[in-house]
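Here, each number is a calculation from the coordinates, and none is a lab measurement. This one's a predicted model, so the numbers in the text were calculated from it and none came from an experiment. Cβ placement follows ideal geometry from the backbone for every residue including glycine, while neighbour counts extend to all protein chains displayed.
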Ligand SMILES: CC(C)(COP(=O)(O)OP(=O)(O)OC[C@H]1O[C@@H](n2cnc3c(N)ncnc32)[C@H](O)[C@@H]1OP(=O)(O)O)[C@@H](O)C(=O)NCCC(=O)NCCS
């Protein structure tokens, strides 16, 4: 598996604030959080914003709004794992769903699905979500991380191949399999650290938002008082 550090610099207005933090090596670290049921609304907004072609690539069919709503409602946050990347407005700009299951031989496998806002693509977010999900799956004792993607989904297959997955083509679909090593102390600590760091950055963003909100209300109030004083002054 490749390193968890990677370069990322988002300058788009829409998703500004999803900037990663510099690491000593000069590359960047993207914070990815484990999500819970309280994130359903934001997950829904992220998926509903996907265009038809992306919905087709993500679900294997052109999912309509109701189908996406039902997918979000059915997300199992207890047995599966859902990961999210947030922008400075704390909106979800990338998500991954790791569905735990067993294959025909009874082996523990996990199915990976992912989506990234179009404005952030090609910057390594999808790849990082894949690595984060693989780390979690490994620590859960999953043996194989699998992806079922359309054969035309070059970006998804490139992400998997680059990280050592074997890709088999079956007609219009492709399946990618990544054999995961057994968990060890290092992998467990790495996940703990990643989660801790991601929560720390998220809370910092949340507090910055509250502070900015306070500053802006204060400015508005100040303007009102100043205008009122002007009107009232003789
Ligand atoms: C697939 C998806 C998640 C990738 O997200 P991303 O943030 O752009 O991914 P990354 O930047 O980490 O990596 C994309 C890789 O694909 C490669 N790539 C992109 N388009 C490609 C193409 N047409 N041919 C070959 N490789 C391509 C990029 O070069 C990059 O590889 P690199 O890391 O070696 O440079 C995103 O395109 C998406 O949300 N698509 C719609 C939903 C979807 O298809 N989900 C996957 C099905 S489960």
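What relative contact order, as a whole-number percentage, does segment 118-234 give when Cα pairs under 8 Å and 6 or more residues apart are counted?
22 percent
Between the helical axis of 125-139 and the dominant principal axis of the chain, each derived from Cα atoms, what acute angle in degrees is found, rounded to the nearest 10?
Its long axis makes an angle of about 60 degrees.
Extending each Cα 7 Å along its Cβ direction at residue 177 and residue 66, get the distance between those two points in nm, one decimal.
Distance between the two pseudo-spin positions: 3.8 nm.
Stretch residue 196-residue 169 to full length: gain in nm at 0.36 nm per residue minus the Cα-Cα span?
5.9 nm
With springs only between Cα atoms under 10 Å, which of 36, 106, 84 fluctuates most in a Gaussian network model of the chain?
106
When DSSP beta bridges are limited to those with both residues in the chain, what percentage is antiparallel, rounded to the nearest 5?
90 percent
At 0.36 nm per residue, and after removing the present C-alpha to C-alpha distance, how many nm does the segment from residue 212 to residue 111 gain when stretched out fully?
That pair, residue 212 and residue 111, stretches by 32.4 nm at full extension.
Relative to the present Cα-Cα distance, how much length would full extension add between residue 185 and residue 38 at 0.36 nm per residue of separation?
Stretched out fully, the residue 185 to residue 38 stretch lengthens by 49.9 nm.
Which of the peptides 125-134, 168-177, 218-227 is most tightly packed, and how do the rest follow, judged by the mean count of other Cβ atoms within 10 Å per residue?
125-134, 168-177, 218-227
Taking the 0 to 90 degree range and rounding to the nearest ten, how far is the long axis of helix 65-74 tilted relative to the main principal axis of the chain, both from C-alpha atoms?
Between helix and principal axis, roughly 80 degrees.
Give the angle, between 0 and 90 degrees and rounded to the nearest 10, that separates the Cα long axis of helix 185-232 from the longest principal axis of the Cα atoms of the chain.
The angle comes out near 20 degrees.
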